[in-house]
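Report on the structure given below.
Read-outs throughout are calculated quantities, based only on the coordinates presented, and are distinct from any laboratory measurement. All of these numbers come straight from a predicted model, not from anything done at the bench. A quick note on method: Cβ atoms are made from the backbone with ideal geometry, for glycine too, and the neighbour counts reach across all protein chains shown.
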Amino acid sequence: MNSGNAHSKPARVMGFADVAMFYVVTGVSLRWIATAAAAGPSSVLVWIAAFLFFYLPLAAAVIELSSRYPEEGGLYIWTRKAYGDFPAFMAGWCYWTSNLPYFPAAFYFAASNALYMGSAHWHIAGASPAYFMGFAFLSMAFITALNIVGLNVAKWLSNIGAVGMWLPVLVLVVLGLIVYTRFGSATHFNHSSMMPVFHLKEMIFWASLTFAYCGCETASFMGDEIKDARKTIPRALIFAGLLVTFCYIAGTIAVLVALPPDKIDTLAGLMQAATVMLDKLGWLWLAPVLAFFIAIGNLGAAGGYLAATARIPFVVGIDKMLPPAFGTLHPRFGTPHVAILTQAGLGVVFIVLGQAGTSVKGAYDVLVSMSIIATFIPFIFVFSSLIKLQGEPVSADVVRIPGGKPVAVLLACVGLTMTVIAIVLATLPAAYETNKALAVVKIIGLSGLLLGIGWAIYARETR
């Protein structure tokens, strides 16, 4: 599209393979494998529970709602159909702003693993906030430029990033099998170690593993850019969901085969485990290659989320609940460049705010908690919209949840319960956080600030 008209629609450039890879790159987040492994073998059952009680309800909701309303905007459109303009605006606003802390968290993880591409001297930068912030700034600039040029270019970063997500896991699994048969496991897997412990300290990280299954809602934001969205989205979701679950569970087990839980760093755990196994096998030359794919995978995920969430303020701008500039397309590339640039600029601000007054590890944890809260609030609207819209008439080509309204309502209630639990757990600081009060103030205060700003913008634009 070459028009700058606010009501112009971008071209449909994404087929099944593109959407499936998009779901993989936004659905698999390698950093959660390290987080799960650091918590021990019991994480395997937590992964399974999160899949059954959160991913499946969310995927079912996305399949039906995106089939009912396949146009651009995703959960913003669904909430508007169910509850009206203000709830829709706040749902879209929360989801959009949830990526502000997400971007620096993803970049920090990529930066930590990128250090394994060089010699041991590179690892000195692992404690340097300047290195992590610089890496995050450059990465944000890179994915912003690609998305302004358009999805026909940016989708290749997502496609390559998808390979960067599942290929390292596949390598880790193969290495884990070889190391296990030759040297045994560094972690004992038995009934006692695999049973989750219902202590608050251990339960806090459950919110992170539930959050790891987010991503199946992303492509629906770009409905107008997907070929035959009603058929493509469900097929891509089923394929990606199976691959995502395999990556999380198999990857966690592989890391635990290499290292005991208390030796795993949640930022660099994957490369820690890979390096240990490669060293035992005499294959250390493979470590830089693996580190490259992990880093590029996270850049692809960040680029994918930027592409998806930029469509929210674009549609909201068309609805005149944001300044009109948000509803325009770039005159040359046909992309929502104002929304993309705004989100990138605010993401840079959050890189600075998240790092202020804390260590690299502390900044990462605060950013993760903020991402969880801001992301899960819109899912409350998604599940409740699924319930309310069951009474709306649909055409014959709409994909419904098997079992109809009773099953849809049951799945929505399960998803709602998991969502609320995850939000509550995300407000609590990690056990190893030295300044717990500051962490709580940052998490709740900055999350509340985001909500307040959204309310103020809506009130101003609709006055």
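To the nearest 500 deg cm²/dmol, what mean residue ellipticity at 222 nm is calculated for the chain from DSSP H runs of n ≥ 4 alone, each contributing -39,500 (n - 2.57), summed and divided by the residues?
That calculation yields -23000 deg cm²/dmol at 222 nm.
Could you give the length gained on full extension between residue 119 and residue 235, defined as 0.36 nm per residue of separation minus the Cα-Cα distance, in nm?
37.5 nm
Which order do the peptides 449-457, 329-337 take when ranked by the mean count of other beta-carbon atoms within 10 Å per residue, highest first?
329-337, 449-457
If I stretch the segment between residue 153 and residue 130 completely, what's the gain in nm (0.36 nm per residue apart, minus their alpha carbon distance), one decimal?
Roughly 5.2 nm would be gained on extension.
In segment 252-280, which residues have a backbone nitrogen under 20 Å from the label point lying 7 Å from residue 178's Cα in the Cα-to-Cβ direction?
252-260, 270-280
Testing the spin-label approximation: label points 7 Å from Cα along Cα→Cβ at residue 289 and residue 463. State their distance in nm.
My value for the distance between the label points is 6.1 nm.
Taking 0.36 nm per intervening residue step and subtracting the Cα-Cα distance, what contour gain separates residue 332 from residue 145 on full extension?
66.0 nm
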